[in-house]
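*Asks:* Pasting a structure below so you can have a look.
Values quoted throughout were computed directly from the atomic coordinates according to the rules given, and no laboratory measurement underlies them. Being a predicted model, the structure only gives us computed values, none of them experimental. Neighbour counts are summed over all protein chains in view; Cβ atoms, including those assigned to glycine, are modelled from backbone coordinates with ideal geometry.
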Amino acid sequence: MQQKAVLPTKTDRLHTEIPITGAEAVIRSLLAESVTTIFGYPGGAIMPVYDALYHYGDRLNHILTRHEQGAIHAAQGYARASGRVGVVFVTSGPGATNLVTGLADAMIDSTPVVCITGQVASHLLGTDAFQETDVMNITIPVTKWSVQVTRPDDIPSAIAKAFYIARTGRPGPVLIDITKDAQLQKAPFSYVPCQGIKTYRPRPVLNMQAVQAAAQLINSSQRPYILAGQGVLLSGAMEALRRLAEKAGIPVANTLLGLSSFPANHPLYVGFLGMHGNYSTNRNTNECDLLIAVGMRFDDRVTGDVSKYARQAKIIHIELDAAEINKNVHADVAIHADAREALEALLPLVKPNQHPEWLESFRQYQQEEYEKIMSRDWFPASGLIKMGEVIHQLSERTRGNALIVTDVGQHQMVTSRYYAFTRPRTHITSGGLGTMGFALPAAMGAALGAPDQPVIAIIGDGGFQMTLQELGTIAQFHIPVKILVLNNSFLGMVRQWQQLFHESRYSFTEMTNPDFVQLVKAYGIPAHRVTERESLASALDAFLEQPGPRFLEVKVEKEENVFPMVPAGASVSDMILEVKA
Amino acid sequence: MKKDFSFIVYADNSFGILNRMINAFNRRRIRIRTLMASEDEHNPHTGSAAFILYTTEEMMRKVKPQIEKFIEVDHTQVSEGTTAFYAYIQQLPVEK
Ligand SMILES: Cc1ncc(C[n+]2csc(CCOP(=O)(O)OP(=O)(O)O)c2C)c(N)n1
């Protein structure tokens, strides 16, 4: 039976006399931050907060996930789809440690989440009490900031600071650990939103000299090339990016997390970068004379062998996080700034220009890639269904308009290559950490964060089994997520590497799977399977058209490889289109 | 080439900040030869930590902004050799 995420209780306590309990201060602080949705899982050390939540049933939606990892991934999906801060409640000990993967994921992919963990009473700290764990030290490397609160008076200011830190600058996860006595004791309540922190300067002052130097490089370049990362989406620089590219006639490629920041149907869009990116985008990195990197961090999956990366080119790096500048790749001009602010400042200084021959060089590589790879992936004449044709058809059927959440593996790379994203913030994936099991819970969060958009989770059979208990959450709260599992009965990406680099020794990558359709049906979610090419189109139509949650399993070719590929440790120029038999 | 650097961090004195700094060095396998941390004599909410680190210039250049981006860190000073570290120690108040 479908259940609402809100309880049938009415908020009758907002104006109760102060002082209030720390637990209630948590709830009122969240309301002051305009929070509407919380993902969580209760337990002993967070029970006072859940009890306070009970009294605010008409104000706050709480989604009870089936695992704390599901809660934090859902909060990540919510944050990335809505542009707001995701909120998580969990208990101490195992509840808190179950957050670690999600925190690490949010940290590396710059996702704003605030996690509130219950903790044993303060006199028990450090005593190995039941469900006491040193969550503060465990999570230091995977949080942007963390704080332990032991007094109810400190709760509102800790929460205010947490939200400010999570969403400003380069966003990231924040953890607030609250001891049970602090939740139970009373203190006066007043909430003052955080406006700034003395030692934290999230928005650097734009250096106009650097902007002018960048403009000069752009104006004198013959073969300029923009690499757009997630910083474009996070700063809302999509329009500024488009205007700059159009004015100066510069081709634009996206990193994995930058996908959807520039419309795939734009004539200046050249594709996806990195190990399984497009041929033209990688090859031309080593052909351009100017690389303009916007809100990206030159991850090793993008650069390949960094010593052979864009050596011929001048590099402009626009980046908000100073620690990313000159970390992997030396910048000739570094603009330490918010991407939007920098691009808007650059725009009037850049001269109108066109680079038809340079663009044509992309088209030639694209043609070659189309003939050798895409045409075969999209329109195979025989054999089992290929991942490429599923994603190509999905992209066509949704006109690149759906909000796509991918897991990790071959299906993720195929989606990044073939789904033609046309609207900003419609691509959510685990990029930096590459967390299998991310997509299903993240898609739930995305559906709640962007309720007007169709949300499709694309997952491999391996990753699906890492968090599939969240089907229970989807069913209980009737979250309208479409789940597309591309089942090759293998840990496909690892199998591909075993085939290519370990002489086909398939060491523990084949999987005997359950009947997914029966399994999903047991959760009360309508589920179907396609095995034949002839039925694929109609199955996709039915899958997309029906409202509410839905599941479609597509049995795909078992030993298909994703090409082209920059082999690990090779240069982007050495991208291979195919492996000669 | 690896050599000694004096690295001094001025920060808010909160639980965990020293661990954050040490983690950042450990993660990059930077050897900490000496460490001295202290509360500010006049304001216990702020403090500083001084390190002698044995590493390369490039590593020093890369780790510095990683430390500076911690929320509580106000600023850092880096210099080659150990002189700055010992000068820092000298100016710490001595218990009478
Ligand atoms: C939590 C986790 N464990 C292991 C890996 C290593 N890994 C990367 S891709 C992959 C295979 C994924 O298989 P599947 O989910 O079936 O997707 P496919 O590659 O077949 O599309 C594995 C095991 C990972 N990324 N995350």
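*Asks:* Not counting the cut sites, what is the longest span of chain B without GluC sites (Glu not before Pro) that DSSP labels loop and that have at most 13 other Cβ atoms within 10 Å? Could you put the intermediate results ahead of the total?
*Replies:* Numbers: sites that count: B:E41, B:E95.
It works out to B:42-94.
*Asks:* Compute the acute angle (0 to 90°) between the alpha-carbon long axis of helix A:492-501 and the principal axis of greatest extent of the alpha-carbon atoms of chain A; round to the nearest 10°.
*Replies:* 40
*Asks:* Under a Cβ-only charge scheme (Lys and Arg +1, Asp and Glu -1), can you give me the dipole magnitude of segment A:416-555 about the Cα centre, in debye to the nearest 20?
*Replies:* 240
*Asks:* Roughly how many whole Å is it from the C-alpha centroid of segment A:23-43 to that of segment A:305-364?
*Replies:* The two parts, judged by their Cα centres, are 41 Å apart.
*Asks:* Compute the label zone of A:Q367 within segment A:261-292: residues whose backbone N is under 17 Å from the point 7 Å along Cα-to-Cβ.
*Replies:* A:279-281, A:284
*Asks:* Taking the Cβ of A:N401 as the centre, find all other residues whose Cβ is under 15 Å away and add up their charges (Lys, Arg: +1; Asp, Glu: -1).
*Replies:* That sum, taken over residues with Cβ under 15 Å, equals +2.
*Asks:* Test of the criteria: in segment A:278-318, which trypsin sites (Lys or Arg not before Pro) are in a DSSP loop and have at most 12 other Cβ atoms within 10 angstrom of their Cβ?
*Replies:* Loop-located and lightly packed - A:R311.
*Asks:* Near A:F490, within a Cβ-to-Cβ distance under 9 Å, what is the net charge of the other residues, with Lys and Arg +1 and Asp and Glu -1?
*Replies:* Charge balance in the 9 Å sphere: -1.
*Asks:* Another one. For segment A:407-487, which trypsin sites (Lys or Arg not before Pro) are in a loop by DSSP, counting at most 13 other Cβ atoms within 10 Å? Display every interim value, and only then the final one.
*Replies:* Numbers: sites: A:R417, A:R425, A:K482; in loops: A:R425.
Hits after loop and neighbour filter: nothing returned.
*Asks:* Okay, moving on. Using +1 on the beta carbon of Lys and Arg, -1 on that of Asp and Glu, and nothing else charged, what's the dipole of segment A:208-361 about the Cα centre, debye to 20? Show your work: numbers first, answer last.
*Replies:* Working: 13 positive and 16 negative charges, 37 e Å.
Computed about the Cα centre, the dipole is about 180 debye.
*Asks:* I've got another one for you. First check a/c for the protein assembly as shown, with a ≥ b ≥ c the square roots of the eigenvalues of its C-alpha gyration tensor; if it is under 1.5, answer rounded, and if not, answer prolate when a/b is larger than b/c or oblate otherwise.
*Replies:* oblate
*Asks:* Now, a different point. Working from Cα positions, state the angle (0 to 90°, nearest 10) between the long axis of helix A:356-369 and the longest principal axis of chain A.
*Replies:* 80
*Asks:* Let me ask something else about it. Tell me the net charge near A:V205. Cut-off is 13 Å between Cβ atoms, A:V205 excluded, with +1 for each Lys or Arg and -1 for each Asp or Glu.
*Replies:* 0
*Asks:* How would segment A:384-556 be classified by its alpha-carbon gyration tensor: rounded, prolate or oblate, with rounded meaning a/c under 1.5 and the a/b versus b/c comparison settling the rest?
*Replies:* On the way: a/c = 1.42, a/b = 1.33, b/c = 1.07.
The shape class here is rounded.
*Asks:* Let me ask you something else. If I take R0 = 41 Å and measure r between the Cβ atoms of A:Q546 and A:L349 in this structure, what FRET efficiency does the formula 1/(1 + (r/R0)^6) give, to the nearest 0.05?
*Replies:* Plugging the Cβ-Cβ distance into 1/(1 + (r/R0)^6) gives 0.20.
*Asks:* So, one more: Does segment A:208-361 classify as rounded, prolate or oblate by the C-alpha gyration tensor (a ≥ b ≥ c root eigenvalues; a/c under 1.5 gives rounded; else a/b over b/c gives prolate, otherwise oblate)?
*Replies:* Values: a/c = 1.20, a/b = 1.06, b/c = 1.13.
Rounded, because the longest to shortest axis ratio a/c is under 1.5.
*Asks:* Let me ask something else about it. Calculate how steeply helix A:22-32 sits against the longest principal axis of the alpha-carbon atoms of chain A, using the helix alpha-carbon long axis, and give the answer as 0 to 90 degrees to the nearest 10.
*Replies:* That works out to roughly 50 degrees.
*Asks:* Be a star and scan segment A:532-565 for residues whose amide nitrogen sits under 20 Å from the point 7 Å along the Cα-to-Cβ vector of A:F379.
*Replies:* A:533-538, A:563-564
*Asks:* If you don't mind, there's one more thing I want to ask. Report, ordered by chain and residue number, the lysines lying within cross-link reach of A:K555, taken as a straight Cα distance under 27 Å and ignoring same-chain residues fewer than 8 apart.
*Replies:* A:K372, A:K386, A:K482, A:K521, A:K580
*Asks:* Any chance you could check the Cα centroid distance between segment A:207-253 and segment A:406-440 for me, in angstrom?
*Replies:* Rounded to whole Å, the Cα centres lie 25 Å apart.
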